[in-house]
Structure formats: C-alpha cells, structure tokens
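Okay, structure first, notes after.
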Amino acid sequence: MTRRIERPISVRPRNLGPSPQRRAAFRRGLSAETRAAVLLVVKGYRILARRWQSPVGEIDIVARRRRVLIFVEVKARARLDDAAEAVSQRQRRRIAAAAQAWLAIHPEHASAEIRFDAVLVMPRRWPRHIIAAFDASP
C-alpha cells in the first residue's frame, strides 16, 4: 500500500498588478515615446507604428520620410550620457530582429533605405534625435 503524502496548500497573495514604481516607469516611457514621435513628425517623418511588438522584440517607433524607413529606440534618462549608453548590444540585436519581422509583414517598405535611430529624452528638454545611432549588421 502506498501512502499519499499531503502537501500544504501554498497561499499566494492576490495579484495586485504592477508595483507603483513599475506603473510610474511605464507612464514615463509612454510620455517619452510620445515626445519622440512629436519630434519626428515636426522633422517631417510619418509615424507608421508605435510600440510594435513581435515574438523577437519590440520597436518603439517605426517612421518614414521619403525613401528612408527608420526604426527608433527611445530612451528616457535624467542625463543625456546615461540615455546614450542605454542601448545595449543585446537590445540592438533584438531591435534588428524585430525590424526584419516588421519588414516581412510590410513588404511595401522593403525597398526603402533602412536606418536605426535613437531618440534620447531628458526631463524639461527637447528630445535629441540621433541619426544612424547603431548599425544592425552582424
């Protein structure tokens, strides 16, 4: 005869959602992306997608001006230097993979010149657009 072992039922606290810090960070990110999109529109870009997600990564902004298609990473930091250093090599690979996925779904943009830009957002300052912030080639 086998004896059945009874295990105590673990009581998990109710899921209260993200912490207040995570919610504040999310709001700051949305605000930064909105400011970046406004800057790009003022510069003559047409926003094609915002916060586009795929299984391989996320693209903050996809925009086009004439024959140039840009995939934009938005970074919000208190200091410009911190924002500039915030795009890691791993993130660059994920953004490039997500860009390939976006182009596969939108082949009408495949003939455009592709570029990877960054927009750095700091409090109480105009966002800074970094053209060709990184190269996606291996």
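Summary table
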quantity	calculated
Qualifying positions in region 83-93 - more than 15 Å from residue 70 (Cα to Cα) and either touching a residue at least 40 places away in the same chain (Cβ under 8 Å) or surrounded by 10 or more Cβ atoms within 10 Å (Cβ to Cβ) (or both)	83, 84, 85, 86, 87, 91, 93
Residues that are closer than 22 Å to residue 126 by Cβ and under 12 Å from the mean Cα position of the chain (by Cα), drawn from region 52-69	60, 61, 62
Count - residues of region 111-125 that are at pLDDT below 90 and either touching a helix residue (DSSP H, G or I) at 6+ places or on another chain (Cβ under 8 Å) or at positive phi (or both)	2
Exclusive hit being closer than 18 Å to residue 28 by Cβ, touching a residue at least 40 places away in the same chain (Cβ under 8 Å) and either of a type outside the set (Phe, Trp, Tyr) or out of contact with any Cys (no Cβ under 7 Å at 6 or more places or on another chain) (or both), set 78, 98	78
Qualifying residue in region 100-108 (condition: assigned to a loop (DSSP other than H, G, I, E, B) and modelled with pLDDT of 90 or more)	yes
Matching residues in region 116-133 - criterion: being in contact with a strand residue (DSSP E or B) (Cβ under 7 Å, 6 or more places away or on another chain) and surrounded by 17 or more Cβ atoms within 10 Å (Cβ to Cβ)	116, 117, 118, 119, 120, 121, 127, 129, 130, 133
Close pairs (9 angstrom Cβ cut-off, 6 or more residues apart or separate chains): surrounded by 10 or more Cβ atoms within 10 Å (Cβ to Cβ) in region 12-24, at pLDDT 65 or above and part of a loop (DSSP other than H, G, I, E, B) anywhere	23/17
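The values are calculated or read from the model by the stated rules, or taken from the named source; none is laboratory data. These numbers were taken from a predicted model, which means no experiment stands behind them. Neighbour counts are summed over all protein chains in view; Cβ atoms, including those assigned to glycine, are modelled from backbone coordinates with ideal geometry.
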